[in-house]
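The block underneath contains the structure these notes are about, expressed in structure tokens.
The values are calculated or read from the model by the stated rules, or taken from the named source; none is laboratory data. Bear in mind the structure is a predicted one, so any value in this text is a computation, not a measurement. Neighbour counts are summed over all protein chains in view; Cβ atoms, including those assigned to glycine, are modelled from backbone coordinates with ideal geometry. Heavy atoms of the whole protein, side chains included, go into the accessibility calculation; ligands, DNA and RNA do not. Shrake-Rupley method; radii C 1.70, N 1.55, O 1.52, S 1.80 Å.
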Amino acid sequence: MTAEVINGKELAQEIRKEMKEEVLQLKEQGITPHLTVILIGDDPASKSYVRGKEKASYETGISSELIELPSSTTEKELLNRIDDLNHDDNVDGILVQLPLPSHIQEQHVIEAISPEKDVDGFHPISIGRMMTGKDTFLPCTPNGIITMLKSRNIQLEGKHAVIIGRSNIVGKPVGQLLLNENATVTYCHSRTKDLMEHTTTADILIAAVGKPNVIDAKYVKDGAAVIDVGINRLDDGSLTGDVDFDSVKDKASYITPVPQGVGPMTITMLLKNTIKAARGIHQ
Ligand code: L34
């Protein structure tokens with residue numbers, strides 16, 4: 001079988017076109033969605049992702065502001081900035097780009113953001129609402145993955161979804177969203193015994209390992225839908241996923257590329273949440 005490639009960049013562009021219309025209508029009602037992104041330090045990858053968020057906001061008509069702070073910023077200073085933004089009626093969504101410098105505790109920052117402005121969907125209140133199937137801000141990468149699968153009408157109900165990875169921002173929540181869609185979910189991780197035994201039974205395989213090209217055709221069941229969440233930068237500067245695309249594409253029914261796969265969808269779901277935040281606050 002030769003897999004159909006789900007191009008995240010193209011799908012993202014289609015969705016953003018619709019969002020642009022939605023934002024235009026909101027603007028007619030006097031509402032301009034506003035996103036504030038905080039970037040601490042000068043990690044080149046984070047800078048690149050944040051630039052992508054700024055550009056996509058601009059193209060969609062969403063107003064966005066980037067606050068760049070030095071890596072010497074203290075946790076207290078950061079929490080004060082967040083508090084100001086929480087109380088700023090002009091700000092609909094707040095995002096603090098991760099990872100943070102090691103002297104700042106990620107959880108303190110995540111919990112400081114007002115749940116009404118939590119466009120990342122990382123706050124415990126957002127996570128709790130997601131777990132109980134309530135309306136909330138869904139985390140962007142997991143929601144992007146579900147949107148990619150749904151864009152091809154890939155059936156989720158009753159299917160076996162296997163996730164490799166259990167991070168708080170991708171692995172755990174994507175499993176929850178798949179469960180909400182009535183899939184049967186298996187989580188695999190670094191301590192899983194005989195990974196292949198699990199992955200070869202997956203109808204839907206989500207790779208969020210963080211190691212270049214480790215998931216090859218041997219791990220994949222014939223006809224599976226394979227979603228590659230990895231973004232690994234190689235020594236030559238190029239980007240590659242966790243999935244060995246060339247070997248898996250001949251076995252899977254659907255596959256996502258890297259770059260131009262899940263990454264652009266993450267950004268698009270952030271815009272979606274920002275529009276939702278703007279509606280919520282002004283309703
Ligand atoms: N707070 N931190 C917070 N929220 C997030 O949702 C993120 N994430 C992850 C890292 N830290 C975060 C992102 O934004 C990963 N991530 C992200 C977003 C976009 C892209 C990749 C990761 C992306 O657009 N990738 C492009 C290539 C970009 C490049 O060349 O550098 C792609 O086509 O995959």
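The angle between the Cα long axis of helix 171-180 and the longest principal axis of the Cα atoms of the chain comes to about 80 degrees, rounded to the nearest 10. For the range 160-238, the fraction of 1.4 Å probe accessible surface lying on carbon and sulfur atoms is 49 percent. Solvent-accessible surface of the chain, averaged per residue with a 1.4 angstrom probe and all protein chains in place: 48 square angstrom. With K and R counted +1 and D and E -1, the other residues having a Cβ less than 15 Å from that of Ile164 yield a net charge of 0.
Helix 75-86 and the longest principal axis of the C-alpha atoms of the chain enclose an angle of approximately 80°.
Averaging 1/r across all pairs of distinct Cα atoms in the chain and inverting the result yields a Kirkwood radius of 19.4 Å. The Cα atoms of the range 75-230 cover 52, 32, 22 Å along the three principal axes, with the biggest extent listed first. With respect to the chain, whose longest principal axis is taken over its alpha-carbon atoms, helix 44-60 is tilted by about 70°. For Glu21, the solvent-accessible surface computed with a 1.4 Å probe is close to 110 Å², ligands and nucleic acids excluded.
Largest mean-square fluctuation among Ser63, Ser253, Ser151, in a Gaussian network model of the chain whose springs join Cα atoms under 10 Å apart, belongs to Ser151.
When each of the peptides 185-196, 219-230 is scored by how many other beta carbons lie within 10 Å of its residues on average, the order from highest to lowest is 219-230, 185-196.
Charging the Cβ of each Asp and Glu at -1 and of each Lys and Arg at +1, and nothing else, the dipole of the chain about its Cα centre rounds to 540 debye. Only one residue of Pro99, Ile113, Gln13 has its Cα farthest out toward the positive end of the dipole of the range 1-139, where Lys and Arg carry +1 and Asp and Glu -1 on Cβ, and that residue is Gln13. Let me know the whole percent of all Cα-Cα pairs from the range 56-115 that are separated by more than 18 Å. Pairs farther apart than 18 Å: 37 percent.
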